[in-house]
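The values are calculated or read from the model by the stated rules, or taken from the named source; none is laboratory data. Remember, it's a predicted structure, so these values are computed and weren't measured experimentally. Ideal geometry is used to build each Cβ from the backbone, glycine not excepted, and the neighbour counts take in all protein chains shown.
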Amino acid sequence: MIFAALGHPARLALFEGLADGRPRSIKELTWDLASDPLIAPDGLTRQGVTRHLAALEGAGLVEARRAGRERRFALRRQGAAEAQVFLRRVETQWDAALQRLAAQLDADVESVAEAGAEAEEE
């Protein structure tokens, strides 16, 4: 659920934007995203930001609190810690997979080079 929640550029930008610990309203978050070069071309509306915040809230990464007539969103520290643990585990798995791939490619290149050398000798 965490991976899916952070897998969209807008949700990742919202998550990163809330990392300073300062709660923000949907209006403030929409304004913040308007200046993000990866998000701005899509022109997210307040409704779009609300939808992305709901996904982050569902994954336990952010929480909303009422402040008068508006809701203010903040990063859930526990959710952020869980995301960090999850992403470290994924990073370890990907590093291992990439190392295996690199070793296989090195072996393949060596095999092709040896076959080419043998063909030249004939």
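Would you tally the residues in the stretch 69-92 being surrounded by fewer than 11 Cβ atoms within 10 Å (Cβ to Cβ) and under 17 Å from Leu29 (Cβ atoms)?
Residues flagged as surrounded by fewer than 11 Cβ atoms within 10 Å (Cβ to Cβ) and under 17 Å from Leu29 (Cβ atoms) within the stretch 69-92 amount to 1.
Using the structure shown, decide if Leu12 is part of a helix (DSSP H, G or I) and touching a strand residue (DSSP E or B) at 6+ places or on another chain (Cβ under 7 Å).
Working: part of a helix (DSSP H, G or I): yes; touching a strand residue (DSSP E or B) at 6+ places or on another chain (Cβ under 7 Å): no.
Against the criterion (part of a helix (DSSP H, G or I) and touching a strand residue (DSSP E or B) at 6+ places or on another chain (Cβ under 7 Å)), Leu12 does not qualify.
Of the conditions (1) at pLDDT below 90; (2) more than 17 Å from the chain's Cα centre (by Cα), Phe86 satisfies every one except a single condition; which number is it?
(2)
Confirm whether Ala97 is at pLDDT 90 or above, outside any strand (DSSP E or B) and farther than 16 Å from Leu6 by Cα. Spell out the reasoning first.
Working: at pLDDT 90 or above: yes; outside any strand (DSSP E or B): yes; farther than 16 Å from Leu6 by Cα: yes.
For Ala97, the condition - at pLDDT 90 or above, outside any strand (DSSP E or B) and farther than 16 Å from Leu6 by Cα - is met.
Just to be sure before I move on: is Ala64 touching a strand residue (DSSP E or B) at 6+ places or on another chain (Cβ under 7 Å), closer than 29 Å to Val90 by Cα and without any contact (Cβ under 8 Å) to a residue 12 or more places away in the chain in the structure I sent? Quick ask: steps written out before the conclusion?
Working: touching a strand residue (DSSP E or B) at 6+ places or on another chain (Cβ under 7 Å): yes; closer than 29 Å to Val90 by Cα: yes; without any contact (Cβ under 8 Å) to a residue 12 or more places away in the chain: yes.
For Ala64, the condition - touching a strand residue (DSSP E or B) at 6+ places or on another chain (Cβ under 7 Å), closer than 29 Å to Val90 by Cα and without any contact (Cβ under 8 Å) to a residue 12 or more places away in the chain - is met.
Select from the stretch 18-37 the residues that are modelled with pLDDT under 90 and in contact with a helix residue (DSSP H, G or I) (Cβ under 7 Å, 6 or more places away or on another chain) and write down the one among them that is surrounded by the most Cβ atoms within 10 Å (Cβ to Cβ).
Checked the stretch 18-37; the qualifying residue surrounded by the most Cβ atoms within 10 Å (Cβ to Cβ) is Leu33.
Please count how many residues of the stretch 1-38 are among the hydrophobic types (A, V, I, L, M, F, W, C) and touching an Asp or Glu at 6+ places or on another chain (Cβ under 6 Å). Can you show your working first?
So the first thing to find is which residues in the stretch 1-38 are among the hydrophobic types (A, V, I, L, M, F, W, C), and the list is 1-6, 10, 12-15, 18-19, 26, 29, 31, 33-34, 38.
From what is left, the residues that are touching an Asp or Glu at 6+ places or on another chain (Cβ under 6 Å) are 13.
Of the residues in the stretch 1-38, 1 are among the hydrophobic types (A, V, I, L, M, F, W, C) and touching an Asp or Glu at 6+ places or on another chain (Cβ under 6 Å).
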